[in-house]
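This report refers to the structure that appears directly beneath it.
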Amino acid sequence: MRIAMVTSRYPYGGADQVAMTLVRALEARHELFFITTGETDDAFDEAGHRRILIGLPRFQMFWHHYWNRSVVRKLKRHLAQIDPDLVHFHSVANRTFSASALLVSRDYPTVWSLHDVWSQCIWSAARPPMCEGMLTGCLRCGAMPVLSVLNRWLKEFLFRRADIHVVVPCVWLMEHIARSALGRKSVHVIGNGVSLERFAGAHGDRARTKLGIAPTDRVVLFTGQMMNRWKGHVELLTMAHRMLPEADDLWFVFVGPHRDRPPAHPRIVFTGLVPYEEMPDCYAAGDLFAYPTHADISPQVVLEAMASGLPVVSHRIGGIPEQVADAETGILVSDGDERAFERAVRLLLKDAERRQSMGEKGRERVKRLFTTQRQLSTTEALYRRLARS
């Protein structure tokens, strides 16, 4: 089967990582074309697939969320050359391919995997986080009252005209699109997956040595993009400054791109962007995974932490409760309750036996529900059904 996998940028965020995970898993049995945007047009062979870059216009306009003419024309031209049996979109936001790119579904069987609330909201992450106004058509938006309604109308107009099959990673998101034009499409819940094998041979001591952390020290780990406040790293940093004076063997490690100036404290580490192949070692270096996100759907980093055997402390938002079994594989608290979050982190730091038990149960939960193989088999079954039809 010839499959065109389309996403906004790579490497960039969780949606694009999920797209690449599928590409790597599918390329052994199918002919894969991985299409992303970039600074310039380019095409080259990469591992077991063909990589195609579509250059973005120099100036990105607001309406490029909905109609990015030059990019869509290039995409159509590449698809005409590839003649795929199926097109699978992931992220089309951030003024890249735009919502209108989904109209290629009139020519090819098309799947769109949703990874955030951009299909319903003017933002990829709602303002305020996890806003429920999406359920009522954004009529009372507190962020952009007029533009939010126009945004919703334009997207609904395009979605109604697209012949797409929608994939969501969790029940929470399925319920949020139920009242929209996408809710009237064929909607499939397919959870994201991770490769347990990728994390099985990790060496946490290697990452600790590189960071100057002793083998017996305790590490609170955070991974994710820190380009805005919605991931909660600012609150975690504040918590770190409260807790570090109390224990000489405690470290806070922040992994991922960031705009903030790294703090001067010697036991707060900002690693910056870490190469994909080194991430398992980073997870293995942690004792627990702290993820105080305020806006997320089904974060890949939570599954990666669980696959690494780390207990997870996070907020009870989006699809995270479908990933983390509260009090079994981690501890979930209400969003905004910083004291409860800190209590949960302190509780696990004091109890190594509980951390180990939760970590083992988390790995078993991933093995049962969230493996790449499970995601792959379910996705391929959908592909075959669409190709036959």
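Screening Asn192 with (1) part of a loop (DSSP other than H, G, I, E, B); (2) over 24 Å from the mean Cα position of the chain (by Cα) gives one miss only, at (2). Here Ala285 fits the description: closer than 16 Å to Gly212 by Cα, among the aliphatic types (A, V, I, L, M), in contact (Cβ under 8 Å) with a residue 60 or more places away in the chain and out of contact with any Cys (no Cβ under 8 Å at 6 or more places or on another chain).
Being surrounded by fewer than 21 Cβ atoms within 10 Å (Cβ to Cβ) and assigned to a helix (DSSP H, G or I) narrows it down to one of Leu182, Leu173, Leu139, Leu154, so name that one. Going through Leu182, Leu173, Leu139, Leu154 in turn, the sole match is Leu154. Filtering His64, His49, His115, His88 for residues that are over 29 Å from Gly191 (Cα atoms), surrounded by 13 or more Cβ atoms within 10 Å (Cβ to Cβ) and in contact (Cβ under 8 Å) with a residue 12 or more places away in the chain leaves a single hit, His64. Within the bounds of the stretch 53-61, is there any residue that is under 24 Å from Pro257 (Cα atoms), polar (S, T, N, Q) and touching a helix residue (DSSP H, G or I) at 6+ places or on another chain (Cβ under 7 Å)? Within the stretch 53-61, not a single residue is under 24 Å from Pro257 (Cα atoms), polar (S, T, N, Q) and touching a helix residue (DSSP H, G or I) at 6+ places or on another chain (Cβ under 7 Å). Within the span defined as the stretch 337-358, every residue fails to be at pLDDT below 95 and either farther than 30 Å from Arg24 by Cβ or crowded, with 17+ Cβ neighbours inside 10 Å (or both). Within the stretch 20-39, take every residue that is at pLDDT below 90 and within 17 Å of Val92 (Cβ to Cβ) and give me the one that is surrounded by the most Cβ atoms within 10 Å (Cβ to Cβ). Filtering the stretch 20-39 for residues that are at pLDDT below 90 and within 17 Å of Val92 (Cβ to Cβ), the one surrounded by the most Cβ atoms within 10 Å (Cβ to Cβ) comes out as Met20.
Could you go through the stretch 190-201 and let me know if any residue there is touching a residue at least 60 places away in the same chain (Cβ under 8 Å), touching a Ser or Thr at 6+ places or on another chain (Cβ under 8 Å) and more than 18 Å from Gly14 (Cα to Cα). For the stretch 190-201, residues touching a residue at least 60 places away in the same chain (Cβ under 8 Å), touching a Ser or Thr at 6+ places or on another chain (Cβ under 8 Å) and more than 18 Å from Gly14 (Cα to Cα): absent. Strands (runs of 3 or more DSSP E) fully within the stretch 23-107 that include at least 2 residues being of a type in the set (Val, Ile, Thr): 31-38, 49-55. In the stretch 94-102, the condition of being in contact (Cβ under 8 Å) with a residue 24 or more places away in the chain, outside the structural domain of Gly232 (by TED's automatic domain parsing), farther than 25 Å from Ser298 by Cβ and crowded, with 17+ Cβ neighbours inside 10 Å is met by at least one residue.
The values are calculated or read from the model by the stated rules, or taken from the named source; none is laboratory data. Only a predicted model underlies this, so the values are computations on that prediction, with no experimental measurement involved. So basically every Cβ, Gly included, is an ideal-geometry build from the backbone, and we count neighbours across all protein chains shown.
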